[in-house]
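Below: the structure, in structure tokens.
The values are calculated or read from the model by the stated rules, or taken from the named source; none is laboratory data. Source: prediction; values computed, not measured. For neighbour counting, all protein chains shown are included, and Cβ atoms are generated from backbone atoms with ideal geometry for every residue, glycine included.
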Ligand SMILES: C[C@@H](O)[C@H](NC(=O)OP(=O)(O)OC[C@H]1O[C@@H](n2cnc3c(N)ncnc32)[C@H](O)[C@@H]1O)C(=O)O
Ligand SMILES: Nc1ncnc2c1ncn2[C@@H]1O[C@H](COP(=O)(O)OP(=O)(O)OP(=O)(O)O)[C@@H](O)[C@H]1O
Ligand SMILES: [Fe+2]
């Protein structure tokens, strides 16, 4: 099978042909996927939607024609092979009617050189998408082959799954207009975490525009960073969400104050990529997956790849980054996912094929993974090493053998559990040094988070929220000792009543002027009569309603990521919150959820 892919969401006018037979026969990915691209390069400033659309208008027909020529060559070669094979077998055959080769060739020449036309339906810039959509529709009709509408961000993920052979990886998409973590569950890709403001590439590009460098800025920052030294910049992670606005304005201010641009570039990379690596690790920990794939143009950055590889190596997970030609926007990934969708019968009627500039990855019904097992936390039976670790703690809890104790490796810390030690039991939590982080950043985060966790755990209890009693603190060693609480994590024992309790607890913290920072189903411990909050290390004092809404949103996302039927639980969370908290926080929460984050900057 051959599928034509067309990409043109923003800057890359690109067409590709995926030859699935060659792929199945073991051809290299450059043989199996032919890509022809023509990049739009703005004269000044960032990507301008109208100019980008003009570029698509000119370049798409050209790249499509080149790709189709390649498809015709492939078809001719295949025809010749077939003719030779049937000619040979004909010669060998003792009897049978002679085959009229000329007639067969002439009828084959009329066949389309591809079996389907796949195109990027979104997300992206409306004017660009419409040009791609029109071209794809026209081709599908002219060639009389089906049309396949591909979500560009899911294609960024699937190309990594395809080239790695991983089954159910977590995916970090680090591209220009986006930054998010995806994981498969129950027929959909779920967004586990994402940027709260701009995409990661756009954030970097804005800084380089400020210092007068041409678009795109990412490669220039990478080059300049080689000669840089570390300077302090903000670092903002909220559960598995993150934000770039603070760090970008600080970087601009530093530049205006005369700090060397190499130092800022170096430190931007260190902080931004450490943030992405941290949330990716948290996603691996939450899902129990031990496979990570990278997608998107920023994935071409060697420092980001190095950090992710190191993090995965240390937790015994596998990491895969596709070739750069599959990371930046390209039609190859559209053709490859298009082929899978086409095989699954997931094609579009012309009248249903309109483009969608805000197309989110979690809106896509995943038809092409068939009956593949979903990464289901409650019924997990994977064979990965992290899965085993998660299974082990689940077994312990299920068997009721709480005495077993042992070590748990969270995303951040090594936690030694000794439920029977002394009258309170004992939990020793040590925030381990992360070698992927710059030592100064690492030291700062571990110390700050240890102090904050101690302070807010106590403060929360004073506000009437059950938390473990703190018995010891050593900020230099980043170690805390707590009372042992609860019988299991909420993740293993979700119920409406307990989720309601978490809603009430969060509301109480917010009324007292601080947030938990990382409320997930694993950071709640459940006892018969009480629901404890633990792990306050990402908390902070704030009087911003946005921060409170984000706190609820983080827990909400963790429900979506953990439960097969999250809706009743999500309603219970809001109910609980409403009973103790302010309505305006829930109103803001709706805002946060409704916010389209695929706004491309210009
Ligand atoms: C929706 C779609 O149009 C959009 N496309 C997109 O963002 O292009 P992509 O090729 O995935 O990524 C481009 C970004 O990737 C950055 N980039 C390229 N090389 C880089 C490098 N070596 N280091 C850091 N960033 C790099 C560029 O600065 C630019 O911001 C997306 O995928 O979000
Ligand atoms: N006080 C406690 N009593 C009982 N169990 C606890 C306690 N503290 C932690 N645990 C157990 O250890 C696990 C990891 O703890 P914690 O969340 O503090 O570590 P972490 O490294 O910050 O994890 P993550 O960043 O993945 O949330 C918890 O999910 C819980 O099962
Ligand atoms: Fe992209």
What residue, of 251, 274, is surrounded by 24 or more Cβ atoms within 10 Å (Cβ to Cβ) and part of a helix (DSSP H, G or I)? 251
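Counting only residues that are under 19 Å from residue 342 (Cβ atoms), part of a loop (DSSP other than H, G, I, E, B) and under 32 Å from the mean Cα position of the chain (by Cα), which one in the stretch 107-144 is nearest to ligand 1 (Cβ to nearest atom)?
114
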In the stretch 302-315, residues that are within 8 Å of ligand 1 (Cβ to nearest atom) and under 10 Å from residue 276 (Cβ atoms) total 1
Residue list for the stretch 149-166, filter: more than 16 Å from ligand 1 (Cβ to nearest atom) and outside any helix (DSSP H, G or I): 165, 166
The listed residue being closer than 30 Å to residue 10 by Cβ, part of a helix (DSSP H, G or I) and more than 16 Å from ligand 3 (Cβ to nearest atom), out of 551, 547, 591: 591
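For the stretch 33-42, give me each residue that is over 14 Å from residue 331 (Cβ atoms) and either free of Cβ contacts under 8 Å to residues at least 60 places away in the same chain or not assigned by TED's automatic domain parsing to the domain that holds residue 113 (or both).
We begin by selecting, within the stretch 33-42, every residue over 14 Å from residue 331 (Cβ atoms); these are 40-42.
Across the stretch 33-42, the qualifying residue is only 40.
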Which residue pairs have Cβ atoms closer than 6 Å, lie 6 or more positions apart in sequence or on different chains, and pair a first residue in the stretch 410-434 that is under 16 Å from residue 281 (Cβ atoms) with a second residue that is assigned to a loop (DSSP other than H, G, I, E, B) and at pLDDT 95 or above? 431/478
Suppose we keep only residues that are away from ligand 2 (no atom under 15 Å from the Cβ) and part of a loop (DSSP other than H, G, I, E, B) within the stretch 505-534. Which one would you say is surrounded by the fewest Cβ atoms within 10 Å (Cβ to Cβ)? 529
Which members of the stretch 167-196 meet the condition of being under 15 Å from the mean Cα position of the chain (by Cα) and in a loop (DSSP other than H, G, I, E, B)? 168, 169, 175, 176, 177, 178, 196
